[in-house]
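Okay, structure first, notes after.
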Amino acid sequence: MASGIDFQSKGVSLSIDNGVLETLTDGWYLFNVGSTEINVSEEEAMTIALNYLEDYSWTIIMDGQFVEVNDFIVLQEPRIVQLLPHSREEALELVPYWYITFYLNKVYPGNINCIGVGIWADTGEVRDCQTLTAE
């Protein structure tokens, strides 16, 4: 933990089964904390994400035709909000990143019922957006 942020990737992980070490993962020396700066609150990140989704669409192929999906409805609840460290310019340097998973009101073409939006916690810039399928 650095400044209240769980930098899980920058740590040591052990897996033991019946007293036998199965795996050992050491990311302590591999990753660096690039920043602990959080200028965007969870609520602000959610507003940024919802505004971004107003113009978002995805394209799938159905029956050999390209179909653009842009008339989806995003539910504000339930949602999953995570503050995770993520690499930005430097692959091994971690920066705080909000990842918000929004559920949709139904299953849309492509079997899509969720959308995840990633936002840098220091700048408020949208890093990525992806359609998801949740059970």
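The values are calculated or read from the model by the stated rules, or taken from the named source; none is laboratory data. This structure is a prediction, so every number in the text was calculated from the model and none was measured. Glycine also receives a Cβ, built like all others from the backbone with ideal geometry; neighbour counts cover every protein chain displayed. Accessible surface is based on the protein model in full, side chains and every heavy atom, while ligands, DNA and RNA are left aside. Shrake-Rupley method; radii C 1.70, N 1.55, O 1.52, S 1.80 Å.
Per-structure values
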{"item": "Given (1) open to solvent by 40 Å² or more (accessible area, probe 1.4 Å); (2) touching a Ser or Thr at 6+ places or on another chain (Cβ under 7 Å); (3) on the phi < 0 side of the Ramachandran plot, number of the condition residue 62 does not satisfy", "result": "(2)"}
{"item": "Count - residues of segment 42-59 that are touching an Asp or Glu at 6+ places or on another chain (Cβ under 8 Å) and open to solvent by 80 Å² or more (accessible area, probe 1.4 Å)", "result": "1"}
{"item": "Filter result for residue 77 (modelled with pLDDT under 95 and under 18 Å from the mean Cα position of the chain (by Cα))", "result": "yes"}
{"item": "Check on residue 129, surrounded by 15 or more Cβ atoms within 10 Å (Cβ to Cβ), among the hydrophobic types (A, V, I, L, M, F, W, C) and free of Cβ contacts under 8 Å to residues at least 24 places away in the same chain", "result": "no"}
{"item": "Test result for residue 85, closer than 18 Å to residue 131 by Cβ, outside any loop (DSSP other than H, G, I, E, B) and modelled with pLDDT under 90", "result": "no"}
{"item": "Hey, residue 70 open to solvent by 70 Å² or more (accessible area, probe 1.4 Å), farther than 24 Å from residue 132 by Cα and modelled with pLDDT of 90 or more or not", "result": "no"}
{"item": "Boolean, residue 104 is open to solvent by 20 Å² or more (accessible area, probe 1.4 Å), touching a residue at least 12 places away in the same chain (Cβ under 8 Å), assigned to a strand (DSSP E or B) and out of contact with any helix residue (DSSP H, G or I) (no Cβ under 6 Å at 6 or more places or on another chain)", "result": "no"}
